[in-house]
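Right, one structure below, let's go through it.
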Amino acid sequence: MRTSLFSRRAALGFRQAAIGSVKIKLLLCCMMAFTFIMFATRAASFMGWNSNPPTFDRSASRRMFSSHLRRRLWSNSTIHVSNRRGYAILMNTWKRYDLLKQSISHYTSCPGLDSIHIVWSEPDPPSVSLVKYLNNVVESKSRDGRQIELKFDINKEDSLNNRFKEVTDLKTDAIFSIDDDIIFPCSTVEFAFTVWRSAPDTMVGFVPRIHWVDQSKGNTNNYEYAGWWSVWWTGTYSMILSKASFFHRKYLRMYTKEMPASIREYVAKNRNCEDIAMSFLVANMTNAPPIWVKGKIYEIGSTGISSLGGHGERRTHCVNEFVAEYGKMPLVSTSVKAVDSRDTWFW
């Protein structure tokens with residue numbers, strides 16, 4: 001009898017000890033999670049990555065929002081009355097014919113596509129076999145009265161500025177600028193197009209980048225360009241790269257005819273930063289940030305110039321050169337990201 005009583009008391013003690021151990025572990029986990037969150041929120045400013053955070057003056061924000069809303073209403077009233085709804089792909093390519101074929105074959109399946117313009121800057125014109133192959137692909141996807149146009153925009157000289165030359169025969173206002181080595185699911189492209197239609201004056205895309213004041217120089221007018229990992233860490237961006245972005249076709253004309261010629265000359269000479277130049281142009285016109293859309297990127301080609309040594313330093317130099325040309329920093333930082341809730345568990 002005493003043995004049985006002792007056994008019951010021992011079992012009860014073990015259960016209480018186990019419960020106490022679980023509580024202690026839960027408490028420790030909560031403390032660790034709280035510490036991690038505090039560190040994450042403080043680390044960016046601690047490391048100097050948020051040295052130029054956006055300031056939020058309520059009255060200024062209301063004024064900017066009202067001005068932006070008026071621009072959107074004006075843009076919407078002109079876009080949807082004068083043009084068909086849809087978008088044109090502006091694809092940059094260079095001697096990667098297999099990638100070009102794969103990309104064209106994919107994007108011709110996207111329902112919102114109206115036309116494809118291939119920016120061709122090679123010394124020789126496209127071969128007859130390549131043109132025939134791509135035309136056959138387009139024709140095979142043109143069903144149910146849907147006709148997709150395919151054109152090669154031939155350039156006499158090889159310049160990165162060619163990707164933003166004005167296209168005079170476009171039937172849509174929306175441009176989807178894309179490199180030939182990047183694939184997005186059609187559903188992702190269509191979602192980004194929907195986001196762009198809500199703010200057609202701004203850039204909407206998938207590849208964000210950030211700038212901030214370089215405090216190491218002791219001059220608040222000196223800036224630094226930072227890549228994806230800085231965007232990921234801080235949750236902030238101020239540019240959308242044109243390798244995968246939507247923007248209004250009017251910016252092609254403005255890039256070629258209204259943007260300072262010295263910037264185009266800089267891009268042509270240094271063979272870099274045409275995408276930063278476009279971000280500056282749009283930001284200078286809108287006084288508003290771009291919009292980052294969450295999307296899965298499938299890179300089907302090899303690495304480009306971004307993998308070369310000193311790429312970040314050259315991009316930083318571009319940013320400061322363009323600031324000098326504009327006489328100010330037009331880029332606006334934001335932390336907003338557009339997410340398609342239909343494909344997301346937590347939002």
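The values are calculated or read from the model by the stated rules, or taken from the named source; none is laboratory data. Remember, it's a predicted structure, so these values are computed and weren't measured experimentally. Ideal geometry is used to build each Cβ from the backbone, glycine not excepted, and the neighbour counts take in all protein chains shown. What goes into the accessible areas is simple: the full protein's heavy atoms, side chains included, and nothing from ligands, DNA or RNA. Shrake-Rupley method; radii C 1.70, N 1.55, O 1.52, S 1.80 Å.
Projected label points at residue 105 and residue 332, each 7 Å from Cα along the beta carbon direction, are separated by 4.3 nanometres. For region 187-317, carbon and sulfur atoms together expose 51% of the accessible surface, with a 1.4 angstrom probe and every protein chain in place.
Excluding same-chain neighbours fewer than eight residues apart, the aspartates and glutamates reachable from residue 257 by a Cα-Cα span under 14 Å are 166, 265. Accessible area per residue for region 208-346, computed on protein heavy atoms with a 1.4 Å probe, is 50 Å². Ligands, DNA and RNA excluded, the heavy atoms of residue 300 present near 50 Å² of accessible surface to a 1.4 Å solvent probe.
When the P(r) of region 111-265 is calculated, the portion above 26 Å amounts to 38% of the C-alpha pairs. In region 122-246, taking the dipole from charged Cβ atoms about the Cα centre, the farthest positive-side position among 231, 199, 160 is held by 199. Sorting the segments 107-113, 151-157, 205-211, 271-277 by their mean number of nearby beta carbons within 10 angstrom, highest to lowest, gives 205-211, 271-277, 107-113, 151-157. Beta bridges per DSSP, both residues in region 191-342: antiparallel share near 70 percent. Within the straight-line cut-off of under 29 Å between alpha carbons, the lysines reachable from residue 141 are 95, 101, 132, 151, 165, 171, 243, 250, 294, 296, sequence neighbours fewer than 8 places apart in one chain being disregarded.
Applying 1/(1 + (r/R0)^6) with R0 = 45 Å to the Cβ-Cβ distance of residue 296 and residue 221, what FRET efficiency is obtained, to the nearest 0.05? Here the calculated transfer efficiency is 0.75.
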